[in-house]
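The values are calculated or read from the model by the stated rules, or taken from the named source; none is laboratory data. A quick note: this is a predicted structure, and the numbers were derived from the prediction, not measured. With ideal geometry, Cβ positions are generated from the backbone for all residues, glycine too; neighbour counts draw on all protein chains shown. Only protein heavy atoms, including side chains, enter the accessible area calculation; ligands, DNA and RNA are left aside. Shrake-Rupley method; radii C 1.70, N 1.55, O 1.52, S 1.80 Å.
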Amino acid sequence: MKKLLSLTAALALVAGATFAVAELADGYVSVKPTAEDHPLDEVISGYQFRIESTRATQDDDFENPGMLLLDQALDTWSEADGAAGKSCADCHGDDPIVSMKGAGSTFPKFTEKGDHRAFRNIENQINFCRTERMEAKPWKYDKPDMLGMTILARHADRGEPVNVAVDGDAAAMFEKGKEIYYTRYGQLDMACSHCHEDNYGNYIRADHLSQGQINGFPTYRFKWQGVGSAHRRFKGCMKNIRAEPFNVGEEEFLALELYTAWRGQGLPIETPAVRN
Amino acid sequence: MKLYPALFALAGLAYAGTVTASEIAPDDVKIVDGAVEQPLTDSPGDPERGLVSFTGRKAGNCLACHYVESLQDDYQFHGEVGTPLDGIADAYTAAEFRAKLINPKTELPDTIMPAFYRTSGFNRAAGKFDGKTILTAQEIEDVIAYLMTLKD
């Protein structure tokens with residue numbers, strides 16, 4: 001798929017693995033939409049909507065609390081677990097920042113073959129590896145082990161443009177995600193689009209509405225005093241509009257993850273980002 | 001947007017006992033030409049109570065989306081999503097405000113604004129809010145009374 005990338009994203013591509021998000025601090029983290037039927041004129045990272053001190057925390061890897069989980073995951077990478085006696089490194093090599101390249105920017109997607117073929121995000125792929133390859137217990141969603149390893153897989157692509165496939169067998173998930181995005185939910189009766197398409201840039205009370213981009217997830221949030229997944233954030237939005245949330249890691253949120261990732265196609269991966 | 005569902009639910013319960021035969025139930029309200037002439041309760045709206053609902057994060061939280069110049073000194077963080085409401089009483093009647101508060105989607109199907117006095121037609125409403133209105137009938141009348149004070 002051909003992409004029209006702004007200077008920011010183009011620089012990110014050139015700089016590759018060593019690209020520092022800090023370089024974006026003075027810039028406007030946005031790209032032009034890559035698809036003709038894209039609903040936005042300009043695709044803007046949530047980074048752009050946050051105050052200077054929040055950005056500064058993200059820009060400094062030593063200050064960014066999400067980096068602690070990354071460090072832990074780098075240790076876990078080479079530790080054997082489960083009945084098969086394998087570690088991540090046994091299949092994927094000793095340097096995940098090299099071997100995981102291309103994962104963070106392209107998930108969620110269909111993976112594996114035959115009976116194992118399914119649409120997965122990184123979290124679900126990690127648990128597939130754990131249960132099928134390592135014969136280990138699955139990790140719980142949004143717990144430190146899972147968050148750390150998800151951050152690691154995404155971080156290997158930091159600075160790379162989001163590049164999810166929405167054609168072929170992913171098309172049905174894309175359509176499902178789009179439908180959810182534009183459906184009103186809850187007692188407040190709002191769709192994602194009401195805040196994040198019609199009103200981004202505006203304030204709702206003290207909240208500066210962003211486009212709801214997920215290129216920085218899992219992200220550290222000051223409100224959470226911790227790191228959380230995109231699905232946790234979706235759940236929080238649904239609770240805010242007084243809706244019964246979908247389940248993390250399950251089909252509705254996987255579809256929404258694909259669709260929102262596509263809305264941010266071309267934005268640099270910022271994981272682990274820092275938000276308010 | 002920080003909502004306090006538990007407190008809100010308590011407020012709702014406190015009012016639940018005061019429903020009278022003369023109160024119009026949400027499903028019985030008829031919006032005609034963008035207006036509801038008949039008040040929802042016998043008791044006239046009170047603008048001071050209306051201001052409490054208007055500004056309260058656990059109540060109407062109207063200020064979350066609507067800017068009001070005269071509230072600038074006393075309340076922080078006015079929203080930018082809705083129409084600024086200074087002078088709004090010169091533009092609409094109480095009956096029109098009532099219709100907008102009850103369910104703005106009869107006039108504006110795509111609006112972000114919630115329906116504040118409706119119990120049906122929601123999709124996946126969370127259990128504790130399912131079948132409940134955001135504001136009570138009296139709170140709707142109180143908010144209308146407050147809005148009617150916003151003249152230029």
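Key figures
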item	result
Some residue of region A:236-243 being surrounded by 24 or more Cβ atoms within 10 Å (Cβ to Cβ), away from every other protein chain (no Cβ under 13 Å) and either touching a helix residue (DSSP H, G or I) at 6+ places or on another chain (Cβ under 6 Å) or touching a residue at least 40 places away in the same chain (Cβ under 8 Å) (or both)	no
Cβ pairs under 8 Å, 6+ apart, first in region A:192-206 and at the interface with chain B (Cβ under 7 Å from one of its Cβ atoms), second of a type in the set (Ser, Thr, Tyr) and assigned to a strand (DSSP E or B)	none
Single residue of region A:171-191 satisfying the filter (of a type outside the set (A, V, I, L, M), assigned to a helix (DSSP H, G or I) and open to solvent by less than 30 Å² (accessible area, probe 1.4 Å)) that is farthest from the other protein chains (Cβ to nearest Cβ)	A:174
Index of the failed condition, residue B:127 passing every other in (1) touching a residue at least 40 places away in the same chain (Cβ under 8 Å); (2) open to solvent by 20 Å² or more (accessible area, probe 1.4 Å); (3) at the interface with another protein chain (Cβ under 8 Å from one of its Cβ atoms)	(1)
Residue check for residue A:221: at negative phi and outside the structural domain of residue A:108 (by TED's automatic domain parsing)	yes
Looking only at region A:82-131, and only at residues there that are among the acidic types (Asp, Glu) and not in a loop (DSSP other than H, G, I, E, B), the one that is least open to solvent (accessible area, probe 1.4 Å)	A:123
Scope region B:42-91; condition open to solvent by less than 70 Å² (accessible area, probe 1.4 Å), over 23 Å from residue A:209 (Cα atoms) and small (Gly, Ala, Ser); matching residues	B:43, B:45, B:50, B:53, B:87, B:89, B:91
Close pairs from region B:49-78: first over 14 Å from residue B:150 (Cβ atoms) and at the interface with another protein chain (Cβ under 9 Å from one of its Cβ atoms), partner among the aliphatic types (A, V, I, L, M) and open to solvent by 20 Å² or more (accessible area, probe 1.4 Å), Cβ under 7 Å, at least 6 apart	B:57/B:3; B:64/B:1; B:65/B:81; B:77/A:206
Hits in region A:192-209 - residues which are open to solvent by 40 Å² or more (accessible area, probe 1.4 Å) and more than 22 Å from residue A:30 (Cβ to Cβ)	A:206
Subset tally (residues that are assigned to a helix (DSSP H, G or I) and either under 14 Å from residue A:152 (Cα atoms) or open to solvent by 40 Å² or more (accessible area, probe 1.4 Å) (or both)) for region A:52-81	14
Among the residues listed as A:216, A:228, A:212, the single one being modelled with pLDDT of 95 or more and buried (at least 23 other Cβ atoms within 10 Å of the Cβ)	A:216
Residues satisfying the stated conditions in region A:246-272, i.e. within 14 Å of chain B (Cβ to nearest Cβ), crowded, with 21+ Cβ neighbours inside 10 Å and either outside any helix (DSSP H, G or I) or without any contact (Cβ under 8 Å) to a residue 24 or more places away in the chain (or both)	A:253
Condition broken by residue A:142, with the remaining ones in (1) within 14 Å of another protein chain (Cβ to nearest Cβ); (2) assigned to a loop (DSSP other than H, G, I, E, B) satisfied	(1)
Selected residue (only one of A:151, A:126, A:97 is outside the structural domain of residue A:259 (by TED's automatic domain parsing), among the β-branched types (Val, Ile, Thr) and touching a Gly at 6+ places or on another chain (Cβ under 7 Å))	A:151
